[in-house]
Amino acid sequence: MQRRTVFAGLAIALCVSVALGTLDVAVEIVSPTGSQAPGLVSVVVLLTNVGDEAANVPRVDVTIAPSGYQDYRENVAVDVGRSQPVSMNSWNYAGGVENCMAYITYPDDVNHSNDTAVVVVGGGGVSDRAERELGAGMGLTLSPSPLAGNVVHVEYSLNQAGPASVVLFDVRGRVALRRDFDGSRRGDLPLNLTGLSGGVYIVRLTDGRSSVTQKLVVQR
């Protein structure tokens, strides 16, 4: 009887340990940085595992605006307490002020406040840096959610009217759908998801400088 009690206690302790595990990866742009001269500039993102479980980030995206640079990497493994640099393709900097944004698509991440990094870079170097998801003035609501039909309504608000994008990622970080649009400050964007398999998706609204995300469950 005493042995059973000990085993039961160990089982409970193991369950509690597993339950307390956290997945949390922070994003930092380590290049471009410093003064930039027009020409090719290396683009490097640093992922740091600040949780206590090993992470396999499905997707890392980088965009630089207004030049239109876009790149991504998939399935980046980051051990507990370690950092993993992700080298991207070179960016051809033509001069002027650019907004460089890097973000991860990681549905299981428990802390989305450090999933996006932004630097404002120009010929004089980095003039602004933010290691958090810039959602001020931006909003994203999905209805209906869960989605049993084919059309989901994306009710959005932007920092300012202009070009924006809505991207759906599956749990492996693959792009399932992308819709670029020229939006007003607030609006409703219907998306026809006919043919999309059932499952969990991450919906990200971005204007090239800031972004917000929501989870969407598709029932089939």
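Derivation of every value follows stated rules applied to the coordinates shown; laboratory data play no part. Computed from a predicted structure; not experimentally measured. Positions of Cβ are generated from backbone atoms using ideal geometry, with glycine treated the same way; all protein chains shown enter the neighbour counts.
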* Structure fact -> Per the C-alpha gyration tensor (a ≥ b ≥ c, the square roots of its eigenvalues), the range 73-203 is rounded if a/c is under 1.5, else prolate if a/b beats b/c, else oblate; here it's oblate
* Over 25 Å [Cα-Cα, the range 25-130], rounded percent -> 20
* Using a cut-off of 9 Å between beta-carbons, work out the net charge of the residues near VAL200 (Lys and Arg +1, Asp and Glu -1, VAL200 not included). => 0
* **Length released on extending from SER42 to HIS112, taking residue separation times 0.36 nm less the Cα-Cα span** => 22.6 nm
* **FRET efficiency estimate (nearest 0.05) - Cβ-Cβ, ASN150 to ASP182, R0 22 angstrom** => 0.35
* **Cα centroid separation - the range 94-127 against the range 181-220, whole Å** => 20
* What is the local net charge at LEU191, summed over the other residues whose Cβ is closer than 11 Å to its Cβ (Lys, Arg +1; Asp, Glu -1)? -> +1
* Using only C-alpha positions, report the orientation-averaged shadow area of the convex hull of the range 139-218, nm², one decimal. => 4.6
